[in-house]
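The values are calculated or read from the model by the stated rules, or taken from the named source; none is laboratory data. Bear in mind the structure is a predicted one, so any value in this text is a computation, not a measurement. In this analysis, Cβ positions are derived from the backbone assuming ideal geometry, glycine residues included, and neighbour counts consider all displayed protein chains.
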Amino acid sequence: MRASADKPIVLSLEGITKRFGTLTANDNISLGLAQGEILGLLGENGAGKSTLMSILFGHYTADSGQINVHGEALAAGDPAAALAAGIGMVHQHFALADNLTVLDNILLGTESLWRLSSQRSAARTKARGVAERFGLSIDTERKVSELTVGERQRVEIIKALYRGARILILDEPTSVLTPQESEHLFEALQHWVREGLSIIFISHKLGEVLRVCDRVAVLRHGKLIANQSTEGVTQGQLAQWMVGHELAPPMRRPGKRQADAPVCEIRFDPAVDPHPESRDRLHHVNLSLYPGEIVAIAGVSGNGQTALCDLMFKRFAHAARIPEDRQSVGLIGDLPVWENIAAERLRTPVFSRLGWVRQAAAQAYATEVIAGFDVRGATLQTPARNLSGGNMQKLILGRALKAPAATQTAGPVLIVAQQPTWGLDIGAVAFVHDQLIEARDAGAAVLLVSDDLDEVMTLGDRIAVMHSGVLTKALPASEWSRETIGLAMAGVQGVAE
C-alpha cells in the first residue's frame, strides 16, 4: 500500500540545523510525513539520524528551524510536548521491567505519583481496546519476563499507542525478531496505517525498507541527500545514496577448514558441567571450532548466546573478544581512546614493563587501529563515551582483529564475535565482513553470534541455532534455508536433527 499524495501532512521539519562545535550534525534539513504514510529514514552512522530524532523528541534544541505537528508548532527542547503532540518511539533496546506485568509496564509514567489508587480496571479496558484495534493481542496480566522478544516489542508499541501516539517511530524494529515475527510485523504495519498512524521506519536493512516504506529519506554527512518514493528504487541505489559511491552486493565467500584438530571445543551439560556460572542460561552445548572456518550462531537475543560467549571468554583467554555490550563491557567510557584500544594488550612486553605502561607504543598501536578501522571522531585523547555507537564498535573490532605492527605477529587464532555489526551502516558492515573473512582465511577460527539472518547466511561456513539455552548441531550452510533457520529460532523441534 502506497500513501496517496493528497493526504495531509502530519509532521514537518523545516530547515533543521544543529551544530556541535565545528561539527554540523544536521544541515538545513526539511522533511515531511503524511497521514497514513510509512517513511524510511536511512543513513550511515554519524549521518545525523539520531540527532534529528533527538530534536524531534525535545532532547536537543535545534540551532535553527522549526517542527510542526498537525499544523501546530512543536515546543523546542520539551520531551513532554512531543509526547502530548502524539509522537511515540519504539527503541531497538526495550525499556521494560521484567518483574512487572504487561499492564504495569503500560501504566508506568502515565499516572501521578500522588494518586491514592491506580485506575487499573479502566486502564486494562483501554489497553485491551488499543491492542485489539491495532491487531496487537497480548495478555495484560502476564509478567514481561515470560514474554518472547516479539511479544515484548508488542508491549512497547502498545505503550506508545496507549499514550495517544499518532506518529510512531520504529528504530531497527526487526533486529530482535525471527523471520516469522518480522513477517507479522510487516503485515501489522499496513493495518496500522489504515487505522491512521503515520510511521517513520529506521533500518539498515535495505530490502525491508523497500518492501514496507512508501517513501525514503536518506541522510549523508548531515545533509538530506534523497527524499522520494520507493517506487522503482533498488537496494543498490539506496546504498549509493547512503555512502556516496557504488557498493557491491554481499556475496558468500566460503572458507575451507585448514586443519583436522579444532582450535577449541565447548561441551556444556548442566548436569555434569563443573562451571556453574551459566547453568541458569545454558542447557546443552556441543561445539568444535576449526581454523579456517566461520561458525555462525543464529537466534533471537536472550536465548543463551551471551552466556555461551561469556563461557568462551572465560575458558579461552587467548580469544579475541568482540562483546555484544560495547558500552558496559567493551569499553570504559571515561578513559581516552588510546587506553581503551591498548587495554587488552597491556600485559604484553610491547606495551608494559615492570608494571609501567609503554605509552608511546600503546599510542602508536591506537593510531593504527583508528586509521585502519576508520574510527571517526576519534583522537588518541577523545573519551570513548564521546564516540557514536557505530564508532565504538569499530574501535572494539580493530582492537580485536588488528595485531600491533610492533609485535610482528599474526592475527588472532580464535575470534568470538557477538553482534559485530550491530548498529553499523551498510558500508561499515561490508568492511567488518571483509575483516572477519580475511581473519578466517588467515587461519583463525571464528565464532559469529548474530541476530541478523542475512549476516549468518552470508558469513557462516557452518550454522547452528540457539533457542532456550540449547544449541543445535552446527551444519554446513548449504543444509539450511531461511525457513528452517527461522523455525529453529522459534524452537520448533527436530528442525536441525
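Of (1) surrounded by fewer than 20 Cβ atoms within 10 Å (Cβ to Cβ); (2) not in a helix (DSSP H, G or I), residue 294 satisfies all except one. Which?
(1)
Please specify each residue of the range 62-80 satisfying the condition of being within 28 Å of the chain's Cα centre (by Cα) and at pLDDT below 95.
Across the range 62-80, the qualifying residues are 77, 78, 79, 80.
Looking at the range 214-227, can you tell me whether even one residue there is part of a helix (DSSP H, G or I), closer than 26 Å to residue 182 by Cα and not basic (Lys, Arg)?
The first filter runs over the range 214-227 and keeps only residues part of a helix (DSSP H, G or I), leaving none.
No, the range 214-227 contains no residue that is part of a helix (DSSP H, G or I), closer than 26 Å to residue 182 by Cα and not basic (Lys, Arg).
Given (1) within 22 Å of residue 197 (Cα to Cα); (2) in a loop (DSSP other than H, G, I, E, B); (3) touching a Gly at 6+ places or on another chain (Cβ under 9 Å); (4) not charged (D, E, K, R), where does residue 135 come up short, assuming only one miss?
Among (1) within 22 Å of residue 197 (Cα to Cα); (2) in a loop (DSSP other than H, G, I, E, B); (3) touching a Gly at 6+ places or on another chain (Cβ under 9 Å); (4) not charged (D, E, K, R), residue 135 violates only (3).
Does residue 95 qualify as being surrounded by 19 or more Cβ atoms within 10 Å (Cβ to Cβ), on the phi < 0 side of the Ramachandran plot, part of a loop (DSSP other than H, G, I, E, B) and not charged (D, E, K, R)? Quick ask: steps written out before the conclusion?
Numbers: surrounded by 19 or more Cβ atoms within 10 Å (Cβ to Cβ): no; on the phi < 0 side of the Ramachandran plot: yes; part of a loop (DSSP other than H, G, I, E, B): yes; not charged (D, E, K, R): yes.
Criteria not met by residue 95.
Out of (1) within 30 Å of residue 226 (Cα to Cα); (2) modelled with pLDDT of 85 or more; (3) among the small types (Gly, Ala, Ser), what's the single condition that is false for residue 129?
Among (1) within 30 Å of residue 226 (Cα to Cα); (2) modelled with pLDDT of 85 or more; (3) among the small types (Gly, Ala, Ser), residue 129 violates only (1).
Among the residues of the range 46-92, write down those that are small (Gly, Ala, Ser), part of a helix (DSSP H, G or I) and over 21 Å from residue 30 (Cβ atoms). Give the steps one after another, and end with the answer.
So the first thing to find is which residues in the range 46-92 are small (Gly, Ala, Ser), and the list is 46-48, 50, 54, 58, 62, 64-65, 71, 73, 75-77, 80-82, 84-86, 88.
Of the ones still in play, those that are also part of a helix (DSSP H, G or I) are 50, 54, 80-82, 84.
Within the range 46-92, 80, 84 meet the criteria.
Pairs only if they're at least six apart or on different chains, beta carbon under 9 angstrom, first in the range 37-60 and touching a residue at least 40 places away in the same chain (Cβ under 8 Å) and farther than 17 Å from residue 10 by Cα, second part of a strand (DSSP E or B) and of a type in the set (Ser, Thr, Tyr); list them, first residue then second.
48/24
Quick one: which of 412, 420 is modelled with pLDDT under 95, within 19 Å of residue 318 (Cα to Cα) and in contact with a helix residue (DSSP H, G or I) (Cβ under 6 Å, 6 or more places away or on another chain)?
Values: 412 fails: in contact with a helix residue (DSSP H, G or I) (Cβ under 6 Å, 6 or more places away or on another chain).
Checking each option against the conditions leaves just 420.
Can you find, within the range 10-27, the residue that is farthest from residue 82 (Cα to Cα) among those that are free of Cβ contacts under 8 Å to residues at least 40 places away in the same chain and more than 26 Å from the chain's Cα centre (by Cα)?
Here the residue is 22.
Residue 395 is checked against (1) hydrophobic (A, V, I, L, M, F, W, C); (2) modelled with pLDDT under 85; (3) not assigned by TED's automatic domain parsing to the domain that holds residue 466 and fails just one. What number does that condition carry?
(2)
So the check is Cβ under 7 Å with 6+ separation or different chains; which pairs have a first residue in the range 339-364 that's at pLDDT below 80 and a second one that's surrounded by 15 or more Cβ atoms within 10 Å (Cβ to Cβ) and of a type in the set (S, T, N, Q)?
346/352
Report yes if some residue within the range 393-406 is closer than 25 Å to residue 50 by Cβ, without any contact (Cβ under 8 Å) to a residue 12 or more places away in the chain and within 27 Å of the chain's Cα centre (by Cα); otherwise report no.
There is no residue in the range 393-406 that is closer than 25 Å to residue 50 by Cβ, without any contact (Cβ under 8 Å) to a residue 12 or more places away in the chain and within 27 Å of the chain's Cα centre (by Cα).
Here is a yes/no grid of residues against (1) farther than 19 Å from residue 404 by Cβ; (2) not in a loop (DSSP other than H, G, I, E, B):
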site: 344; (1), (2): no, yes
site: 350; (1), (2): no, no
site: 364; (1), (2): no, yes
site: 367; (1), (2): no, yes
site: 371; (1), (2): no, yes
site: 376; (1), (2): yes, no
site: 381; (1), (2): yes, no
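With the requirement that a residue be within 12 Å of residue 468 (Cα to Cα), surrounded by 21 or more Cβ atoms within 10 Å (Cβ to Cβ) and under 16 Å from the mean Cα position of the chain (by Cα), what does the range 301-324 give you?
Passing the criteria: only 305.
Residue check: is residue 339 part of a helix (DSSP H, G or I) and either under 30 Å from residue 469 (Cβ atoms) or out of contact with any Ser or Thr (no Cβ under 9 Å at 6 or more places or on another chain) (or both)? Outline the logic, then answer.
On the way: part of a helix (DSSP H, G or I): yes; either under 30 Å from residue 469 (Cβ atoms) or out of contact with any Ser or Thr (no Cβ under 9 Å at 6 or more places or on another chain) (or both): yes.
So residue 339 passes the test.
Residues checked against (1) of a type in the set (Gly, Ala, Ser); (2) under 29 Å from residue 234 (Cα atoms); (3) surrounded by fewer than 21 Cβ atoms within 10 Å (Cβ to Cβ):
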| position | (1), (2), (3) |
| --- | --- |
| 35 | no, yes, yes |
| 40 | yes, yes, no |
| 43 | yes, yes, no |
| 48 | yes, yes, no |
| 57 | no, no, yes |
| 60 | no, no, yes |
| 63 | no, no, yes |
| 68 | no, no, yes |
| 73 | yes, no, yes |
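From the list 183, 231, pick out the single residue that is assigned to a helix (DSSP H, G or I) and of a type in the set (Asp, Glu). Before you say what the answer is, go through the steps one by one.
Numbers: 231 fails: assigned to a helix (DSSP H, G or I).
Just one listed residue meets the conditions, 183.
If you check 474, 444, which single one turns out to be in contact with a helix residue (DSSP H, G or I) (Cβ under 9 Å, 6 or more places away or on another chain) and touching a residue at least 24 places away in the same chain (Cβ under 8 Å)?
Working: 474 fails: in contact with a helix residue (DSSP H, G or I) (Cβ under 9 Å, 6 or more places away or on another chain).
Just a single option satisfies the conditions, and that option is 444.
Return the residue satisfying two criteria in turn: it lies in the range 373-382 and is surrounded by 14 or more Cβ atoms within 10 Å (Cβ to Cβ) and more than 21 Å from the chain's Cα centre (by Cα), and of such residues it is nearest to residue 46 (Cα to Cα).
Checking each candidate, the answer is 378.
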